[in-house]
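The values are calculated or read from the model by the stated rules, or taken from the named source; none is laboratory data. From a predicted model like this one, the values you see are computed outputs, not experimental measurements. Here the Cβ is made from the backbone with ideal geometry for all residues, glycine too, and neighbour counts use every protein chain on show. We work out accessible area using only protein heavy atoms, side chains counted, and drop any ligands, DNA or RNA first. Shrake-Rupley method; radii C 1.70, N 1.55, O 1.52, S 1.80 Å.
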Amino acid sequence: MKVLVVGNGGREHALAWKISQSNRVDRLWIAPGNGGTEEEGENVDIASGDIPRLLDFARQNQVDLTVVGPEAPLAAGIVDAFGESKLRIFGPSKTAAELEGSKVFCKNLLRHADVPTADFHTFGDANSAITFLKEREDIPIVVKADGLAAGKGVIVCENREQALEAVERITGAKEFGEAGNQLVMEERLEGHEASVLAITDGRTILTLPACQDHKPAYDGDLGPNTGGMGAYCPTALVTDDMLEKIEETVLVPTIHQLKRSRRPFRGVLYAGLMITPQGMRVLEYNVRFGDPECQPVLMRLKSDLVDVLEATVDGRLDELSPLQWDPRPAVCVVMASEGYPGSYPQGVPIRGLAEAAKMDDVKVFHAGTATSNGDVVTNGGRVLGITALGRSISVAKLQAYSAVKAIRFSGAWCRKDISDRALSYV
Ligand code: AMP
Ligand code: GLY
């Protein structure tokens, strides 16, 4: 069969790598892909947001299955467009993708489905938000722009003054553009974060082992938030009992509520959770694989991913045999460009990739890379996701960092403490 992966990050390299291992796949394209996806299939020069051209490409090349990595094309309706042309595509419809595309929609759905989440209020204009803040007691609060803002539209505030400033940034300065037309304000939760991802066809749910992402830029969780500087899987923060409870009290009611709202969900449902002393709460939903969570998860998956993706698209996940996992944990360390998450140079040559690739139980997933005259060069902020398996988290971590040491590019840096928190949960 012929498969097309849409996107150009580390997540899409991991998807392409895993899909290329299926003996059912004859041809694999990645649009637009990166310097690493070229090793797994053929890159196609079409941006992930260009739905008409992606549709044309899939029609002309008789693509049997399209797999969408990022949220933006999902929120823009790529699944509906392909569906109308009778092309099979993995991911939620536009209306179901609103779960990630609108925080107001998500919070209201959680409330209706009785899913545990932080107490919240929504606002359609700055004045009502400001009045609300001035009238209530001065406690830590989180201010969120409603729409997609590349993970940056959430401002965690210590007090009223900071919250008023956040409202101004979102509604006055319009830092996140249209995404800030509505606001959510919610109580600030304290605890540890976990990512629980599930694949669902709207009826059957396959919950994947829980992961932990490391969003802050610097060691010890300091510095600005990023797209994720590393992740590991599984995490002992979420025990088997908790995972079962999350399925029952979070994932199942959410999927049912979506169905009742005539937005049946197919694809990856990703719950961002805060594990608090009072129990777990949903911080947000994403409607796609996490990046970098996807890298350690797929490194551990032994089953054929194409079977899973197809069964989801066809609504027969109930017929699939249980997923097989490598019992060994996996750790993914992101190597970033100098300056990330701010501005950074591009086109910097990367050395040592072949050396790292030879190491046991290591896979170097590319994210912000491109090829230029046969050389791999940097082409983004998060450049590589070095992922390793090991008999324990510590061994996997050691192996990942050994591979990091083999790779060199000017200005390269990474967090040194990816997965260290795992040790405090056991
Ligand atoms: P979100 O995109 O909603 O997951 O928010 C991004 C990040 O902001 C989360 O990963 C948390 O670190 C933080 N955050 C969001 N909501 C809250 C909350 N209610 N309390 C504390 N931190 C939060
Ligand atoms: N790792 C966070 C995300 O994919 O949104």
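A compact table of results
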read-out: Relative contact order (percent, whole number), region 343-416, Cα cutoff 8 Å, 6+ residue spacing; value: 36
read-out: Among ALA406, ALA163, ALA173, residue whose mean-square fluctuation peaks in a GNM of the chain (springs only between Cα atoms under 10 Å); value: ALA173
read-out: Most fluctuating residue given options PHE82, PHE90, PHE132, as computed from a GNM of the chain linking Cα atoms under 10 Å; value: PHE132
read-out: For the chain, with +1 on Lys and Arg beta carbons and -1 on Asp and Glu, the positive-most of VAL25, LEU398, HIS256 along the dipole; value: VAL25
read-out: THR249, THR131, ranked by accessible area, largest first (probe 1.4 Å); value: THR131, THR249
read-out: The chain - Cys residues lacking any other Cys C-beta under 4.7 Å; value: CYS106, CYS157, CYS294, CYS332, CYS414
read-out: Largest to smallest accessible area among THR122, THR235 [probe 1.4 Å]; value: THR122, THR235
read-out: Loop-exposed GluC sites (Glu not before Pro) per DSSP, neighbour cap 16 Cβ within 10 angstrom, longest uninterrupted part of the chain; value: 191-337
read-out: Rg ratio (alpha-carbon, reference 2.2 N^0.38 Å) - region 194-349; value: 1.12
read-out: Order of exposure, largest accessible area first, which applies to LEU222, LEU206 with probe 1.4 Å; value: LEU222, LEU206
read-out: Axial C-alpha extent at least 18 Å, average Kyte-Doolittle at least 0.5 - helices from the chain (DSSP); value: 393-406
read-out: Prolate/oblate/rounded call for region 251-325, Cα gyration tensor, a/c under 1.5 rounded; value: oblate
read-out: Hull shadow area, averaged, region 283-426 [alpha-carbon convex hull, nm²]; value: 11.0
read-out: P(r) of region 34-94 over all Cα-Cα pairs, binned every 10 Å from zero, in whole percent; value: 22, 56, 21, 1
read-out: Alpha-carbon Debye profile of region 357-415, log10 I(q)/I(0) at 0.16, 0.24, 0.25 Å⁻¹; value: -0.52, -1.01, -1.07
read-out: Helical contribution to [θ] at 222 nm, DSSP H n ≥ 4, -39,500 (n - 2.57), averaged over the chain, rounded to 500; value: -8000 deg cm²/dmol
read-out: Across LYS2/LYS302; LYS215/LYS405; LYS103/LYS397, pairs whose alpha-carbon gap is larger than 31 Å; value: LYS103/LYS397
read-out: Spatial extent of region 121-250: Rg and Dmax, with the Cα atoms as the point set, Å; value: 17.3, 46
read-out: When region 187-262 is reduced to its Cα atoms, the Kirkwood hydrodynamic radius in Å; value: 14.2
read-out: Gyration tensor (alpha-carbon) shape descriptor, region 1-56, a/c threshold 1.5; value: oblate
read-out: Intensity falloff of region 1-159 expressed as log10 I(q)/I(0), Debye formula with alpha-carbon point scatterers, at q = 0.17 Å⁻¹; value: -0.96
read-out: Overall form of the chain per C-alpha gyration tensor (a/c, 1.5; a/b vs b/c); value: rounded
read-out: Alpha-carbon centroids, region 207-278 and region 324-388: separation in whole Å; value: 24
